[in-house]
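Asker: After the structure tokens below, expect a handful of questions from me.
The values are calculated or read from the model by the stated rules, or taken from the named source; none is laboratory data. Since the structure is predicted, the reported quantities are computational estimates derived from the model, not experimental observations. All Cβ positions, glycine included, derive from the backbone under ideal geometry; neighbour counts span all protein chains shown. Only protein heavy atoms, including side chains, enter the accessible area calculation; ligands, DNA and RNA are left aside. Shrake-Rupley method; radii C 1.70, N 1.55, O 1.52, S 1.80 Å.
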Amino acid sequence: MKVLVFISTLWCAFTSMHAISAMPSSQLFVAEKTPQGVKVKAITSDDSYHNQPLTTDSGVYFTKELSTLEGSQTDLFFYDFTTQQTRNLTNSPISEYSPTLYPHDDGLSTIVVESTGKQRLWFYPFDSARKATPLLAHIDPVGYHVWGEQQDVMLFVLGTPHELHFTDTDGHLPKLVAKDIDRSLAFNKTKQVYSFTYNKSQQLWFATYSPKTQLVTSHFALPKSVRDYTWLDDETVAYALNNRIFTREITSPKVVSQWMNLTQYCKTQISRLSYNDGKLAFVCNTL
């Protein structure tokens with residue numbers, strides 16, 4: 001298994017993914033609010049699958065599809081805010097998805113489709129002298145993940161229906177939190193809750209889970225076409241409806257406000273969002 005070679009969070013067809021084909025093309029942008037309006041910059045081309053952005057202080061991690069003689073697979077990439085350059089971090093013959101900063105070491109945790117077809121969580125160190133290693137090797141198949149503040153982690157476990165499992169790196173058995181969930185997971189550090197979405201009565205709901213109380217709280221139903229969100233602050237959630245960004249506070253969920261109109265930059269539909277420190281990375285579907 002290769003390691004990352006640089007210094008310094010896919011909705012898949014959840015079957016065997018080492019033989020991917022015809023992934024939908026998409027483009028990544030970064031938007032910033034300014035006194036003059038909204039400043040937007042494209043950070044990828046629109047001729048391939050660019051998705052699953054994770055916005056950090058230094059840049060944007062994302063997943064990109066690459067074509068090979070054997071077919072297609074995905075690698076993890078990084079766009080650097082300072083240099084405005086993009087580099088391939090993994091450059092491997094297998095597929096990696098959903099780059100996430102690993103809180104317990106210097107590197108990324110990611111979903112890996114192994115050569116055996118297993119889909120598990122791995123750690124990829126930033127230090128190229130160290131080897132990548134599996135995390136929670138006993139849990140498979142995993143589609144998405146998000147880390148809490150201690151050793152705990154929330155996992156999207158593939159199945160019929162998909163399930164949300166809460167566990168930790170200390171070896172405790174996973175706890176089933178919810179069923180029939182969707183792909184968007186996050187952690188609110190201030191409130192000490194995980195957020196996720198799940199289906200109820202043919203509608204997708206935004207909800208939170210408290211590890212302390214072990215209770216799930218449903219906050220509001222999302223518009224029909226919305227599947228992803230991002231936290232703007234401790235109280236405010238943003239999501240895209242077509243090509244406009246709207247916000248809602250979890251304490252006043254009935255109040256919906258338009259935050260950004262990105263119609264000029266995305267003529268189709270915005271499918272994913274990731275916000276950090278004034279910068280919003282968003283995915284615009286090509287078709």
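Asker: Relative to the Cα centre, what is the charge dipole magnitude of region 34-127, using +1 at the beta carbon of each Lys and Arg, -1 at the beta carbon of each Asp and Glu, and rounding to the nearest 20 debye?
Answerer: Computed about the Cα centre, the dipole is about 240 debye.
Asker: With a cap of 13 neighbouring Cβ atoms within 10 Å, and only residues DSSP puts in a loop, list the trypsin sites (Lys or Arg not before Pro) found in region 89-197.
Answerer: Values: sites: 118, 120, 130, 131, 175, 179, 183, 189, 191; in loops: 118, 130, 131, 183, 189, 191.
Taking region 89-197 and a limit of 13 other Cβ atoms within 10 Å, the loop trypsin sites (Lys or Arg not before Pro) found are 131, 189.
Asker: Taking a 1.4 Å probe, which of 184, 25 shows the most accessible area, and what order do the others take after it?
Answerer: Numbers: 184 10, 25 45 Å².
From most exposed to least exposed: 25, 184.
Asker: Once you order the gyration tensor axes a ≥ b ≥ c over the Cα atoms, which shape class does region 86-188 get: rounded for a/c under 1.5, otherwise prolate or oblate by comparing a/b with b/c?
Answerer: Prolate, since a/c reaches 1.5 and a/b exceeds b/c.
Asker: Also, I was wondering about something else. Local charge sum around residue 159 (other residues, Cβ-Cβ under 13 Å, Lys/Arg +1, Asp/Glu -1)?
Answerer: -2
Asker: At 1.4 Å probe size, with the rest of the protein present, what percent of the exposed accessible area of the chain is carbon and sulfur atoms?
Answerer: 50
Asker: Positive end of the dipole of region 129-287, charges at C-beta (+1 Lys, Arg; -1 Asp, Glu), about the Cα centre: which of 159, 265, 246 has its Cα farthest in that direction?
Answerer: The listed residue farthest towards the positive side: 265.
Asker: Write down the Kirkwood hydrodynamic radius of the chain, to one decimal in angstroms, obtained as one divided by the mean of 1/r over all alpha carbon pairs.
Answerer: 19.3
Asker: Could you tell me the convex hull volume per residue, in Å³, taken over the Cα atoms of region 150-287?
Answerer: 129
Asker: Okay, moving on. With the dipole of the chain worked out from charges on the C-beta (+1 for Lys and Arg, -1 for Asp and Glu) around the Cα centre, which of 108, 145, 29 lies farthest toward the positive end?
Answerer: Comparing the listed Cα positions along the dipole, 29 ranks first.
Asker: Which whole-percent values make up P(r) of region 147-209 when all C-alpha to C-alpha distances are grouped in 10 Å steps starting at zero?
Answerer: Using 10 Å bins, I get a P(r) of 22, 54, 22, 2 for region 147-209.
Asker: Shape call for region 41-137 from the C-alpha gyration tensor, a ≥ b ≥ c root eigenvalues: rounded (a/c under 1.5), prolate (a/b greater than b/c) or oblate?
Answerer: It is oblate, given that a/c is not under 1.5 and a/b is not larger than b/c.
Asker: From the square roots a ≥ b ≥ c of the eigenvalues of the alpha-carbon gyration tensor of region 206-276, which class results: rounded (a/c under 1.5), prolate (a/b over b/c), or oblate? Intermediate values should be presented prior to the final figure.
Answerer: Values: a/c = 2.16, a/b = 2.10, b/c = 1.03.
Prolate shape, in that a/c is at least 1.5 and a/b is the bigger ratio.
Asker: Ok, one more. How big is the charge dipole of the chain about its Cα centre, in debye rounded to the nearest 20, if each Lys and Arg gets +1 on its Cβ and each Asp and Glu gets -1 on its Cβ?
Answerer: So the dipole magnitude of the chain works out to roughly 700 debye.
Asker: At 1.4 Å probe size, with every protein chain present, just tell me what the per residue accessible area of the chain comes to in Å².
Answerer: 47
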